[in-house]
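As structure tokens, the structure follows; a few thoughts come after it.
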């Protein structure tokens with residue numbers, strides 16, 4: 001799978017064939033989505049691995065809010081639960097520090 005990451009209106013737009021996400025310059029990850037016909041086939045995981053590698057190269061800490069049902073999935077990608085005041089969104093706060101930090 002090929003993932004492209006482009007700067008779009010001051011934010012990073014991440015896209016593969018069946019999945020997309022946005023990352024703000026401060027590292028807030030949002031609008032992660034996988035096309036409904038292709039969920040459960042690893043497209044979201046592959047996209048997120050590319051997002052994490054990109055964030056590592058920039059030494060960028062990623063933050064997000066997710067539903068309880070997704071916490072374990074994000075933990076498998078290196079995120080930990082975190083109290084993140086001031087972030088937009090609702091749900092469980094999660095954070096992933098850059099590799100090597």
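Key figures
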read-out	value
Members of the stretch 66-93 that are under 14 Å from residue 21 (Cβ atoms) and either touching a helix residue (DSSP H, G or I) at 6+ places or on another chain (Cβ under 7 Å) or in a loop (DSSP other than H, G, I, E, B) (or both)	66, 77, 79, 89
Residue 101 vs. criteria part of a loop (DSSP other than H, G, I, E, B), more than 18 Å from residue 6 (Cα to Cα) and modelled with pLDDT under 95	yes
Residues of the stretch 74-101 classified as surrounded by 15 or more Cβ atoms within 10 Å (Cβ to Cβ) and free of Cβ contacts under 8 Å to residues at least 12 places away in the same chain, total	0
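The values are calculated or read from the model by the stated rules, or taken from the named source; none is laboratory data. Note that the coordinates shown come from a computational prediction; the quantities given were computed from them, not determined experimentally. In this analysis, Cβ positions are derived from the backbone assuming ideal geometry, glycine residues included, and neighbour counts consider all displayed protein chains.
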